[in-house]
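One structure is given below, encoded as structure tokens.
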Amino acid sequence: TNKIDLRYTPRQMTLLSTGTPGQQSKLVLAIAESDYNDYGQEEKNAMGFDPTGETKKSSKKDANKDDSMDMDEDSDNEDEKKEDPEADEEDDEEKESRQTPIRGPFPPKPGHWGSCIRLVNPSNNCETLDCVEMNRNEAALCCASVRFHSRGGESLLAVGTVTGMTMHPMKHAASHVALYRVVDGERLQLLHRTRVDDGPVLALAHFQGRLLVGTGGTLRLYEMGKKQLLRKCELRGMPTVVKSLQTAGDRAYVGDMMRSVLIVRYDSTANRLVLMSSEPSPRLVTAQEVLDLNTVAVADKFGNVCILRLPHGADAAVVDITGTRALWDVSREDTMPRLELLCHYHVGEVVTGMTRASLVAGGSESIIYVTVTGRVGALVPFTSRDDVDFFTELESLLRKDVPRPTGREPQLYRSYYAPVKHVVDGDLCHAYHMLTYEEQQG
């Protein structure tokens, strides 16, 4: 394992393939870091702040040396001086044992941010290639790799930044989308910055050779220009704020901050974004992962994980086969198809990340999630009906026999906000090994 020392809290990361499609490519990792209520690196250096604490220690050592020179030397002092190398060794051990740097000074007013963009080489012990510090009070909250068709397929880094943002109340001074180019696979070069209205930029995604941006309650599609990004089309009227974005084919899966997931389709003939489906249940989305074209996994702020699916034939009303737009909006809420709930499970901790991966080479894919406390879990699909029946029966029997340290019913806990649906509690089934042999046979 390799460790990377970061300046701020990592917000999002993305892989970039440097070089043109015809040349040999090199993979680098871009990390967007930012911390609220903190100063930037340049401001800290101007204040004389040292995060390692070496300045204070060296000043104390110099003062101790000056005091010792003024004192008379005798045999007892000579014995103490012989122990000074051991004290220096203890200081080195303390320095190695400390893992976290010293927290910097706190700004007197809200709205201060410290942020940077870091470029890392994952193939060379995660070496930091370049680190670009953001402007004063500007925070990089999201990033994405984008390939514009007009740029010849070169992989560029798009970064969404917010200036002077405060949490309570949530407001900001300005929002921008910065576009960077990786030069020689080692450093970042700023191409241009585009000012974005309608809210903070919290989500970016590559979409059909263009850049899809979620800014406030608006979903906007951009094309690359010489001096700034060019707006092509947009979809207004999102419930609250766009929190996450994923794309597949001609569809975009939009995670709203308070109203679950919405599926949007891009109509290339009319050059417009059309809302296909949404979910009636309010969910404060923290993470999402697209499983297939019609299915998406969602995690919310209260520790729930659910699987949503688009009903069959729901996209029929979106396609305009006549070539002319209808006189009324086909994406009205009263006529819009709703996403169906396939599975629901209460994890018990806030899920901060989710991805789809295979745990075994050549095996079926699973949903891997991580929580705010560092826990890693997996939702593994069953491949046969016999496995479903076996583990369902085992779970129902263990609910009665397994000891409960807190006295809570396992099924009620997994149904804390909504009834558990089509998910077997793996933690409860694992408790089978804790039973005695007589209890297992019974």
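Quick note: the coordinates plus some simple rules give every number you see, no bench work behind them. Every value quoted in this text rests on a predicted model; they were computed, and no experiment measured them. A quick note on method: Cβ atoms are made from the backbone with ideal geometry, for glycine too, and the neighbour counts reach across all protein chains shown.
Observations
- Centroid-to-centroid, using Cα positions, segment 351-395 and segment 199-226 are 32 Å apart.
- Nonlocal amide H pairs with GLY153, under 5 Å, H built at 1.01 Å: PHE148
- Between segment 295-317 and segment 110-131, the C-alpha centres lie 34 angstrom from each other.
- Highest mean packing comes first when the peptides 293-305, 203-215 are listed by Cβ atoms within 10 Å, giving 203-215, 293-305.
- The trypsin sites (Lys or Arg not before Pro) of segment 397-442 meeting both criteria, a DSSP state outside H, G, I, E and B (loop) and at most 10 other C-beta atoms within 10 angstrom of the site's C-beta, are ARG408.
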